[in-house]
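A short write-up of the structure that comes next.
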Amino acid sequence: MGTHTTLTISDCSSHRWGIGTGTSVRAGLWQYTFINQGTGIYELTVTDGTNSFKVTPQSHQLTVASGLTLEGGALNAGSATGAVTFGTGGVTIKGGGFTLEAGDFDASSSTTGLFKTSGGDHTINGNVLLANSKTLTVGSAGNGGATTLYGALAVGAGGNEAATTLTGGLTVTNGITLSGGDFDASASAGLFKSTTGAHTLNGDVTIGTAVSAVKTLTVTGATTSTGDFTVGSASAASVSTLWGAVTAK
């Protein structure tokens, strides 16, 4: 080219197969390749009357009628006013990554497809919501990774309590507060060990309610009772053995 040149393409939606009098309407997208073979300074400007781009000397650009443009290897759909649809072959990106600068990433209409990520670290900058009845699984049995939560953890909601099952041990470094419900370890045959601080039992204490159970209470230090002390009952007398002196005041 010996001068700057403008090429205008219009009415792409009415293009037809054939030359001249062709009548078969072309479905899908029209693809164009624009090559500027010039070696000087003259540019080729391609426009549809609204959007345009320049092809510099010794370069080329590939575009389709909907506004999807391939510029020097980069895919640019910034000027497209309609949606871009890919067929059943899918889309493969072999390098350069995928960047979404605006709009939504919506795969919700694919109800059976899988969503697989890369093997690197993942950063989720917004809140995460799982749809009703969906589950979250970390690893598999015997191969799960650690899960670290630096914020509060809420399970269930008022009026919609949810049970939590812990198959392994639980370590708590800053206390446990039970604001409702029972603390029931009766199904476990394991030991119950308390802390070394003072213990306050605000309710009645019963040892061994099972008919065949023989439960004992062993105290190695001094025992002080400020109320009545009853051993046995009228219907079930018990034998008490005291080793050592007893002082009554």
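So between residue 229 and residue 163, what do we pick up on full extension, going 0.36 nm a residue minus the alpha carbon distance?
Result: 19.7 nm gained on full extension.
Need the list of lysines near residue 134 for cross-linking: C-alpha distance under 21 angstrom, and skip anything on the same chain fewer than eight residues off. Excluding near neighbours in sequence, the set is 116.
Here residue 154 and residue 101 are evaluated by their C-beta separation; at R0 = 51 Å the FRET efficiency comes out at 0.90. Couplings 3J(HN,Hα) for segment 137-152, derived from phi with the Karplus relation 6.51 cos²θ - 1.76 cosθ + 1.60 (θ = phi - 60°), are 10, 10, x, 10, 4, x, 9, x, x, 6, 10, 10, 10, 8, x, 5 Hz, where x marks Gly and Pro. Compared with the direct C-alpha span, the chain from residue 48 to residue 196 gains 45.0 nm at full extension, assuming 0.36 nm per residue. Coupling constants for segment 156-168 follow from the phi torsions by the Karplus curve (6.51 cos²θ - 1.76 cosθ + 1.60, θ = phi - 60°), and in residue order they are x, 8, x, x, 9, 5, 10, 6, 10, 10, 10, 7, x Hz; glycine and proline get x. A full extension of the chain between residue 111 and residue 216 corresponds to an added length of 31.7 nm, given 0.36 nm per residue minus the alpha carbon distance.
For segment 124-182, the alpha-carbon radius of gyration amounts to 1.39 times the rule-of-thumb value 2.2 N^0.38 Å expected for a compact globular protein. Separation of segment 28-62 and segment 140-207, taken as the distance between their Cα centroids, equals 68 angstrom.
Quick one: Debye curve from the C-alpha atoms of segment 158-249, no solvent, what's log10 I(q)/I(0) at q = 0.17, 0.19, 0.24 Å⁻¹? Here log10 of I(q) over I(0) equals -1.21, -1.42, -1.88.
For residue 59, the residues 5 or more places off, or on other chains, whose built amide H falls under 5 Å of its own are 36.
No lab work stands behind these numbers, since they all come straight from the coordinates. Because the structure is predicted, anything quoted here is derived from the model rather than measured. All Cβ positions, even for glycine, are placed from backbone atoms using ideal geometry, and neighbour counts span all protein chains on display.
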